[in-house]
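Scroll down for the structure; my scribbles are underneath it.
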Amino acid sequence: MTNELPAGQREISRFPRFGLTKFANRFPQETGRRAILISGNVERDVLVEDALSELPRVEQVSDFHCVTTWTRRALRWGGVRFADFFDQVIRPQAAPSQSATVVILRGQDGARTSMRLEDLLHPDVLLADMLDGKPLTVEHGAPIRVVAPRHYGYKSVKHLSRIEFHRDEAAFRPSAFRFMDHPRARVEFEERGRWVPGLVLRYVYRPLVAITAVRFERSMKKYREKAG
Ligand SMILES: Nc1nc2c(c(=O)[nH]1)N[C@H]1C(S)=C(S)[C@@H](COP(=O)(O)O)O[C@H]1N2
Ligand SMILES: [Mo]
């Protein structure tokens, strides 16, 4: 049974660059800079210059489930566990408040989402800088991205630049309409969005997959051309 796809998902053979249409043309400013800012309800804001250095490296093969219903199976990520980064860097250096259980993750392109700290501390959540044995490309989140395989893809923020600790979601402005960002977005429970049942959203999102992938691909091509 482990080989079965989660409810409503369909396997695709490629791994498209993907997201909300408004991010198709937004790119990270500095793919060579690996700095991550830790802020919010912490004792000290900390700019961690090289977030992954000096932590144990892990490799993990996991499936990737986009909320729009595509699944890319068996991606091989390399990076460090978020839990290790939290215990060995965030906690000692920034000292988040005990009551800060909501974490806002931001990417260099302006994308953002929130997660519960307890979900981020699961051992399969990574800060990844490698995919299939190669350094992460801009398409897939260079220099560093979150990989949270039990949650829909929008929790796996690419080009990660900031991790913010909060007591609740008051400070959080989602990238899209709020209904599109479930606070947990667990694939297992089909938490695609809030207020609207996952089963309904399947059919709303599915027709958008092909067109969105094409847009992201076109923008990427232009970006590459400009970069030379
Ligand atoms: N910074 C950033 N992170 C992001 C996105 C984005 O547009 N920008 N899109 C999200 C969505 S909806 C998905 S499905 C995955 C897609 O990851 P991929 O482009 O590597 O396939 O990234 C997520 N993280
Ligand atoms: Mo997605």
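The values are calculated or read from the model by the stated rules, or taken from the named source; none is laboratory data. Because the structure is predicted, anything quoted here is derived from the model rather than measured. Note that we place each Cβ from the backbone using ideal geometry, even for glycine, and neighbour counts take in every protein chain shown. When the accessible area is computed, the model is the full protein with side chains, heavy atoms only, and any ligands, DNA or RNA have been set aside. Shrake-Rupley method; radii C 1.70, N 1.55, O 1.52, S 1.80 Å.
Taking strands (runs of 3 or more DSSP E) that fall entirely within region 1-79, which contain at least 1 residues that are modelled with pLDDT of 95 or more and under 18 Å from the mean Cα position of the chain (by Cα)? Give the steps one after another, and end with the answer.
Details: elements: 36-40, 46-48, 58-65.
Correct list: 36-40, 58-65.
Within region 1-21, work out how many residues are within 15 Å of ligand 2 (Cβ to nearest atom) and open to solvent by less than 100 Å² (accessible area, probe 1.4 Å).
11
Give me a count of the residues in region 153-190 that are within 12 Å of ligand 1 (Cβ to nearest atom) and at positive phi.
2
Criterion first (more than 16 Å from ligand 1 (Cβ to nearest atom) and open to solvent by less than 20 Å² (accessible area, probe 1.4 Å)) does L47 satisfy it? First the steps, then the outcome.
On the way: more than 16 Å from ligand 1 (Cβ to nearest atom): yes; open to solvent by less than 20 Å² (accessible area, probe 1.4 Å): no.
Here the answer is no, as L47 does not meet what is asked.
Against the condition within 16 Å of ligand 2 (Cβ to nearest atom) and not aliphatic (A, V, I, L, M), how does T31 come out, does it pass? Can you show your working first?
Details: within 16 Å of ligand 2 (Cβ to nearest atom): no; not aliphatic (A, V, I, L, M): yes.
Here the answer is no, as T31 does not meet what is asked.
A quick yes/no check of all residues on (1) charged (D, E, K, R); (2) touching a residue at least 12 places away in the same chain (Cβ under 8 Å); (3) closer than 21 Å to D181 by Cα:
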| residue | (1), (2), (3) |
| --- | --- |
| E4 | yes, no, no |
| F18 | no, yes, yes |
| A24 | no, yes, yes |
| E30 | yes, yes, no |
| I38 | no, yes, no |
| N41 | no, yes, no |
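Would a scan of region 182-199 turn up a residue that is open to solvent by less than 30 Å² (accessible area, probe 1.4 Å), within 25 Å of P143 (Cα to Cα) and charged (D, E, K, R)?
No, region 182-199 contains no residue that is open to solvent by less than 30 Å² (accessible area, probe 1.4 Å), within 25 Å of P143 (Cα to Cα) and charged (D, E, K, R).
Quick one: in region 80-99, of everything that is out of contact with any strand residue (DSSP E or B) (no Cβ under 7 Å at 6 or more places or on another chain) and in a helix (DSSP H, G or I), which residue is most open to solvent (accessible area, probe 1.4 Å)?
Going through the qualifying residues, I end up with R91.
Can you go through L55, L75 and tell me which one is within 13 Å of ligand 1 (Cβ to nearest atom) and of a type outside the set (K, R)?
On the way: L55 fails: within 13 Å of ligand 1 (Cβ to nearest atom).
Only one candidate qualifies: L75.
Out of the residues in region 81-110 that are among the aliphatic types (A, V, I, L, M) and over 14 Å from the mean Cα position of the chain (by Cα), which is nearest to ligand 1 (Cβ to nearest atom)? Break it down into steps so the answer makes sense when it comes.
So in region 81-110, the residues among the aliphatic types (A, V, I, L, M) come out as 83, 89-90, 94-95, 100, 102-105.
After this cut, where a residue has to be over 14 Å from the mean Cα position of the chain (by Cα) as well, the list is 83, 89-90, 94-95, 100, 102.
Working: A83: 20, V89: 21, I90: 20, A94: 22, A95: 27, A100: 22, V102: 18 Å.
Checked region 81-110; the qualifying residue nearest to ligand 1 (Cβ to nearest atom) is V102.
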